[in-house]
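Please treat every number below as a calculation from the coordinates, not as lab data. The model shown is predicted, which means the values in this text are computed figures rather than measured ones. When we count neighbours, we look across all protein chains shown, and the Cβ atoms used for this are built from the backbone with ideal geometry, even at glycine.
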Amino acid sequence: MVQKIDDLDQHISELGNRMEKLEQNSELLWETPADQYLSLGSRRKREQRQKKTEIAAIDHGDICRKMVDRALEILTEWEDIDDIKIQIQYAAIIVNKIANMKRQDLIYTDDLRKKICTLLRNVIRLNASAELFSKEQILLIKEGFSMIIAENVQKEDLFLLNRRLRRKGLETMPAWE
């Protein structure tokens, strides 16, 4: 029992020495007066958060581009089909891709891109089971997907796409709206 108490006392004194060394080292690591009250761990966490935010901004753009590229590939395959059942399957895949894209920060934070996604989703969902899409209609849908990742998209581009889709015979909104 006495030996355990001695071991505990020795362990406590070692911990006290380590704490003193850590406090001395942390004083040396303060870089600016603004950081003087932050511990080394807090500063590291803040730096990691900043890096993650920067990486996330880049990643969301890349993820959206990859999703759009894959959707364009699917639409290219879609042009060559002549079966309504397969068209419905392609439509389900594309609508799911649009839902996934809308969750990405690039689109989630941008109302115009979100509206473009909603327009494309409505067009595909409302018209996929009615009749086969023509090549011109699919080309317009491809243009819409390209608009999602385009740099300078304006509201007028959205309105123009909407009009062009309606001129090609596609419903852009449910009839009850």
Measure off 7 Å from each Cα along the Cα-to-Cβ vector at Ile86 and Phe159, then give the distance between these two points in nanometres to one decimal.
-> 4.0 nm
Could you tally up the Lys pairs in the stretch 93-170 with alpha carbons closer than 21 Å? Skip any pair fewer than 8 positions apart unless they're on separate chains.
-> 17
Segment Met173-Leu8, length gained on full extension (0.36 nm per residue, minus Cα span) = 51.9 nm
